[in-house]
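First the structure, then my questions, so here it is.
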Amino acid sequence: MVAEATEETLTREGGVREHVVGAGIGCPGSIDRSRRLVRTTSNLGWVDYPIRGQIANVLQLPTVLDNDANCATYAEWWRGAGRGVEHLVGITVGTGIGGGVMLGGKIMRGASGSAGEVGHTTIDFNGRRCSCGNYGCLEAYASGPSIAVRARRGLEAGCKSVLTELVDGDLDQISAALIYKALMLEDKYAHEVMLETAKLLGIGIANIINTLNPDVVVVVGGVVGAGEHLFETIRSEAQRRSFRSAFETCDIVPGELPETAGIIGAAGIFISEIFEQL
């Protein structure tokens, strides 16, 4: 099915298979690049899953595997909001919170390939349990599902919101996307939920700024749909908690490649690695 989909896409875009030199793969979770497999990914339940080898065998092409947040970060550095800078950190906010670090124009993967896991930095040492097994992680508060959980708890406690009407009283149907919709309807409670989310992200970004001193922090993913209103609060909270000199040299911006960052980044990482081998 992968091969058929590839041929169909090439035909639709006016290309031919002979023009394809290889493939880049972006995957969530911990990536073992030396063994070319996914060690673990909590969202998919994979353990030591050889996805690179499977796709390479089907396509019969050179294939490169990397973390999906690394791919999105590379894309924003290469073709998006971070063009032209040396030091960039990307934060992907979706089902989970991932991150990627570019220092000196290179992806930092760390000793075991786990660098950039900003979603699993602790923002509350007595906090709620995260899917990773730790407590108080940024992801446990500001990922898409976590935003929805916080909203539901407030409604169950008696907060009034158009959200209740949007789901016909079934609070289990509330999602981050629905909260964004309520925000656009000028719902006061949705505004409060997103304001708290922005403050939480601002705390996480302040930790990044103080630790890595990047030129740019790019936020990508569904949360960006909340718009500039969200970023104003993120920036003010980050400013309050960051070293002044580090904050003043850092831009906090939404990604410019909302639907394609992972795809562009996977292709870019493949190209960069091919050139390194030449």
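We did not get these values from a lab; they are worked out from the coordinates using the rules stated. Nothing here was measured: the structure is a model prediction, and the numbers come from that model. Glycine gets a Cβ as well: all are built from the backbone with ideal geometry, and neighbour counts include every protein chain shown.
Hey, if you put +1 on the Cβ of every Lys and Arg and -1 on every Asp and Glu Cβ in the chain, which of G90, N126, L44 ends up farthest toward the positive end of that dipole?
Among G90, N126, L44, the one farthest towards the positive end of the dipole of the chain is N126.
Using just the helices of the chain, give the 222 nm mean residue ellipticity in deg cm²/dmol: DSSP H runs with n ≥ 4 each add -39,500 (n - 2.57), and the total is spread over all residues, rounded to 500.
Per the formula, -13500 deg cm²/dmol.
As I understand it, the value is the acute angle between the Cα axis of helix 228-241 and the longest principal axis of the Cα atoms of the chain; what does it come to in degrees, rounded to 10?
Result, in degrees: 80.
Please report H191, H19, H229 as a ranked list, fewest other C-beta atoms within 10 angstrom at the top and most at the bottom.
Least crowded to most crowded, the residues run H19, H229, H191.
Oh, and also: Nearest 10 degrees is fine. How inclined is helix 144-156 to the longest principal axis of the chain, computing both from alpha carbons?
Once rounded, the angle reads 20 degrees.
Counting only other residues whose beta carbon sits under 14 Å from that of D48, what net charge do I get with K and R as +1, D and E as -1?
Taking every other residue near D48 into account, the sum is +4.
For K181, what is the net charge nearby, where nearby means another residue's Cβ is under 13 Å from its Cβ and Lys, Arg count +1, Asp, Glu -1?
With Lys, Arg at +1 and Asp, Glu at -1, the neighbours total -3.
Give the cross-link partners of K181 among the aspartates and glutamates, using a straight C-alpha distance below 13 Å as the criterion and excluding same-chain residues fewer than 8 apart.
In chain and number order, the partners are E165.
How large is ³J(HN,Hα), in whole Hz, for each residue of the stretch 122-137 in order, when computed from phi with the Karplus curve 6.51 cos²θ - 1.76 cosθ + 1.60 and θ = phi - 60°, using x for Gly and Pro?
These are the phi-based 3J(HN,Hα) values: 7, 10, 8, 5, 9, x, 5, 6, 9, 4, 7, x, 7, 10, x, 5 Hz.
A further question follows. Rounded, prolate or oblate: which one fits the stretch 53-193, using the alpha carbon gyration tensor with axes a ≥ b ≥ c (rounded when a/c is under 1.5, else prolate when a/b beats b/c, else oblate)?
Because a/c hits 1.5 or more and a/b exceeds b/c, the stretch 53-193 counts as prolate.
How big is the charge dipole of the stretch 83-254 about its Cα centre, in debye rounded to the nearest 20, if each Lys and Arg gets +1 on its Cβ and each Asp and Glu gets -1 on its Cβ?
Here the size comes out at about 440 debye.
If the cut-off is 30 Å between C-alpha atoms, which lysines fall inside it for K106, apart from same-chain ones fewer than 8 positions away?
Within the straight-line cut-off, K106 pairs with K199.
Would you please give the residues with an amide H less than 5 Å from that of L65, counting only those at least 5 places away or on a separate chain, with H modeled from the backbone geometry?
I25
Among M194, M102, M184, which one shows the highest mean-square fluctuation when the chain is modelled as a Gaussian network with alpha-carbon springs under 10 Å?
M184
Quick check on the exposure proxy: order I252, I264 from fewest to most C-beta atoms within 10 angstrom.
The most exposed by this proxy come first: I264, I252.
Now, a different point. Given a 10 angstrom Cα cut-off, can you work out which residue in A140, A157, A69 is the most mobile in a GNM of the chain?
A157
If the chain between T164 and T211 were fully stretched, how many nm would it gain, using 0.36 nm times the residue separation less the Cα-Cα distance?
12.8 nm
Got a sec to turn the phi values of the stretch 64-77 into Karplus ³J(HN,Hα) couplings, 6.51 cos²θ - 1.76 cosθ + 1.60 with θ = phi - 60°, whole Hz, x for Gly and Pro?
Using θ = phi - 60°, the values come out as 10, 10, 8, 5, 5, 5, 4, 5, 5, 5, 4, 4, 5, 6 Hz.
From the phi angles alone, apply the Karplus equation (6.51, -1.76, 1.60; θ = phi - 60°) to the stretch 216-227 and give each ³J(HN,Hα) in whole Hz, x where the residue is Gly or Pro.
Taking θ as phi minus 60°, the curve returns 9, 10, 9, 9, 10, x, x, 4, 4, x, 6, x Hz for the stretch 216-227.
Please label the shape of the stretch 168-278 as rounded, prolate or oblate, based on the square roots a ≥ b ≥ c of the eigenvalues of the alpha-carbon gyration tensor (a/c under 1.5 means rounded; beyond that, a/b larger than b/c means prolate, else oblate).
Note, shape of the stretch 168-278 comes out oblate.
A further question on this structure: Pick out, in residue order, every one of the GluC sites (Glu not before Pro) in the stretch 152-230 that is DSSP loop and has at most 16 other C-beta atoms within 10 Å; say none if there are none.
For GluC sites (Glu not before Pro) across the stretch 152-230 that sit outside H, G, I, E and B with at most 16 neighbouring Cβ atoms in 10 Å, the list reads E186.
Pick from G24, G154, G222: which is most flexible by mean-square fluctuation in a GNM of the chain where alpha carbon atoms under 10 Å apart are linked?
Judging by the Gaussian network model, the answer is G154.
What's the angle, to the nearest 10 degrees (0 to 90), between helix 261-277's Cα axis and the longest principal axis of the chain?
That helix lies at roughly 40 degrees to the long axis.
Between the stretch 180-196 and the stretch 197-263, what's the alpha-carbon centroid distance in Å?
19
For D215, D170, what's the fewest-to-most ordering of other Cβ within 10 Å of each Cβ?
Ordered by Cβ neighbours within 10 Å, fewest first: D170, D215.
Only bridges with both residues in the chain count here: give the DSSP antiparallel percent, nearest 5.
Bridges in the chain are about 50 percent antiparallel.
Net charge around A75, counting only other residues with Cβ within less than 14 Å of its Cβ (Lys, Arg = +1; Asp, Glu = -1)?
Summing Lys and Arg as +1 and Asp and Glu as -1 gives -3.
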